[in-house]
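Beneath this line is the structure, given in structure tokens, with notes to follow.
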Amino acid sequence: MDWLTYFLLFLKASLLSTGGRGPFPYLYTDLIARGWAVESNFAEALTVGEISPGPSGLWVVSLGYLTAGLPGALLASLAITLPPLLVL
């Protein structure tokens, strides 16, 4: 797995969406096409995002963990929070 590409895919999804479930179509298309995720990963990540407290967009961190372990969760977390932090 190319970590830079992985990070850039999550960053692109964050930049082109408004949060919540907005990154879903971008991540679904990109990760499935590369074989880095399967449909069940998305179902599990959305379920974890719905039952956990906090912002609804945190399902992306779960998706990162399910597809690439701890490094994936860290990269997804950084990529999803970087654009809003730069705006602030």
Given the chain, what whole percent of its Cα pairs are spread farther than 22 Å?
14 percent
What whole-number value in Å² describes the accessible area per residue of the chain for a 1.4 Å probe?
57 Å²
Part-to-part distance (alpha-carbon centres) for the stretch 1-17 and the stretch 42-73, which is given in Å
15 Å
Mean Cα-pair separation over length for the stretch 1-84, i.e. relative contact order, pairs under 8 Å, 6 or more apart, %:
33 percent
What's the carbon and sulfur percent of the chain's accessible surface, probe 1.4 angstrom, rounded to a whole number?
68 percent
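The values are calculated or read from the model by the stated rules, or taken from the named source; none is laboratory data. It should be emphasised that the depicted structure is a prediction, and the values quoted were computed from it without experimental measurement. Keep in mind that these areas ignore ligands, DNA and RNA; they rest on the heavy atoms of the full protein, side chains included. Shrake-Rupley method; radii C 1.70, N 1.55, O 1.52, S 1.80 Å.
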